[in-house]
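J.: Once you've had a glance at the structure underneath, I'll fire off some questions.
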Amino acid sequence: MSPNQFTALESPSLLLRRFHESDLETFLAYRNDPDVSRYQLWDSITRQEAADFIESQQTAQPDVPGRGFQFAVEQKGAGNLIGDCYLKIDEADPLQAEFGVSIATEHQRRGFAREAVSTVLDYVFSSLDLHRIIARTDCENDASIALLERLGMRREGHFIQNIWFKGKWGDEYLYAILKDEWLAIQGAGS
């Protein structure tokens with residue numbers, strides 16, 4: 001897919017698209033929610049930082065190695081922003097990438113994170129033809145661990161005090177999945 005062609009990805013109940021200026025208030029609300037930011041590297045965001053971020057995403061492309069891209073996650077039908085999904089293709093090895101997901105508290109535990117991440121995995125393995133994708137999660141983030149394992153990802157690492165996180169050293173798990181593994185899981189579900 002040419003970088004200039006990206007507009008959106010669709011799943012049964014979600015639209016993963018570029019951020020719009022009209023997303024500002026909702027984006028601010030969930031990015032400043034302590035329940036959402038608990039296991040994220042950020043704690044909060046100012047109005048100006050949020051506006052600058054949304055503006056930067058207007059020209060960002062999801063397939064540029066070394067540059068992160070944030071998909072706005074919109075609930076179809078309702079048309080409301082419910083979160084975002086991050087993708088960053090490795091600059092040194094552009095056949096590998098990392099992803100992350102944030103969903104507003106009121107939309108959690110409804111399968112949206114799984115659907116959003118599955119859509120991104122389909123995209124990176126089918127459209128971008130990547131080989132491997134990883135995700136890191138705090139060892140205390142039970143919801144994220146369960147999500148990654150439900151997706152069929154393999155825990156490949158357990159890092160002890162590898163990150164200075166919110167005033168203390170934190171531990172992380174590293175999960176990964178290969179293109180062939182993801183495609184086999186999707187084929188088995190058909």
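The values are calculated or read from the model by the stated rules, or taken from the named source; none is laboratory data. The structure displayed is predicted, hence computed values, not measured ones. Note that each Cβ is placed from the backbone with ideal geometry, even for glycine, and that neighbours are counted across all protein chains shown.
J.: Pairs, please: C-beta under 6 Å, at least 6 apart or cross-chain, first residue modelled with pLDDT of 95 or more and in the range 139-150, second of a type in the set (Asp, Glu)?
T.: Final answer for the pair search is 139/171.
J.: Quick check on the range 139-158. Is at least one of its residues hydrophobic (A, V, I, L, M, F, W, C) and either part of a strand (DSSP E or B) or within 13 Å of the chain's Cα centre (by Cα) (or both)?
T.: Our first condition is that a residue be hydrophobic (A, V, I, L, M, F, W, C); within the range 139-158, this holds for 139, 143, 145-148, 151, 153.
Right, trim to either part of a strand (DSSP E or B) or within 13 Å of the chain's Cα centre (by Cα) (or both) and you get 147-148.
Within the range 139-158, one or more residues are hydrophobic (A, V, I, L, M, F, W, C) and either part of a strand (DSSP E or B) or within 13 Å of the chain's Cα centre (by Cα) (or both).
J.: Still on this structure: Considering each of 175, 123 in turn, give the residue that is surrounded by 13 or more Cβ atoms within 10 Å (Cβ to Cβ), without any contact (Cβ under 8 Å) to a residue 60 or more places away in the chain, touching a Leu at 6+ places or on another chain (Cβ under 8 Å) and of a type in the set (Ser, Thr, Tyr). Spell out how you get there, then give the answer.
T.: Numbers: 123 fails: without any contact (Cβ under 8 Å) to a residue 60 or more places away in the chain.
Among 175, 123, only 175 is surrounded by 13 or more Cβ atoms within 10 Å (Cβ to Cβ), without any contact (Cβ under 8 Å) to a residue 60 or more places away in the chain, touching a Leu at 6+ places or on another chain (Cβ under 8 Å) and of a type in the set (Ser, Thr, Tyr).
J.: Looking only at the range 89-123, filter to residues that are of a type in the set (Gly, Ala, Ser) and not in a loop (DSSP other than H, G, I, E, B); which one of those is farthest from residue 78 (Cα to Cα)?
T.: Going through the range 89-123, the residues of a type in the set (Gly, Ala, Ser) turn out to be 92, 97, 100, 102, 104, 111, 113, 116, 118.
Checking which are not in a loop (DSSP other than H, G, I, E, B) leaves us with 97, 100, 102, 113, 116, 118.
Details: 97: 31, 100: 23, 102: 19, 113: 17, 116: 16, 118: 21 Å.
For the range 89-123, the residue satisfying everything is 97.
J.: Output the residues belonging to the range 1-20 that are surrounded by 16 or more Cβ atoms within 10 Å (Cβ to Cβ), touching a helix residue (DSSP H, G or I) at 6+ places or on another chain (Cβ under 8 Å) and at pLDDT below 95.
T.: Within the range 1-20, none qualify.
J.: Restricting the search to the range 38-71, which residues are outside any loop (DSSP other than H, G, I, E, B), under 17 Å from residue 101 (Cβ atoms) and among the polar types (S, T, N, Q)?
T.: Restricting attention to the range 38-71, the residues satisfying the condition of being outside any loop (DSSP other than H, G, I, E, B) are 47-57, 68-71.
Subset that is under 17 Å from residue 101 (Cβ atoms): 53, 57, 68-71.
Within the range 38-71, 57, 70 meet the criteria.
J.: Which of the following residues is among the acidic types (Asp, Glu), buried (at least 18 other Cβ atoms within 10 Å of the Cβ), over 16 Å from the mean Cα position of the chain (by Cα) and not in a strand (DSSP E or B): 23, 35? Even if it seems obvious, please write down each step before you answer.
T.: Values: 35 fails: buried (at least 18 other Cβ atoms within 10 Å of the Cβ).
Of the residues listed, the single one that is among the acidic types (Asp, Glu), buried (at least 18 other Cβ atoms within 10 Å of the Cβ), over 16 Å from the mean Cα position of the chain (by Cα) and not in a strand (DSSP E or B) is 23.
J.: List, please: which pairs have Cβ atoms under 8 Å, are six or more places apart or on different chains, and start with a residue in the range 83-105 that is closer than 17 Å to residue 32 by Cα and end with one that is at pLDDT 95 or above and part of a loop (DSSP other than H, G, I, E, B)?
T.: As it stands, the answer is 83/104; 84/19; 104/33; 105/33, since those pairs meet every condition given.
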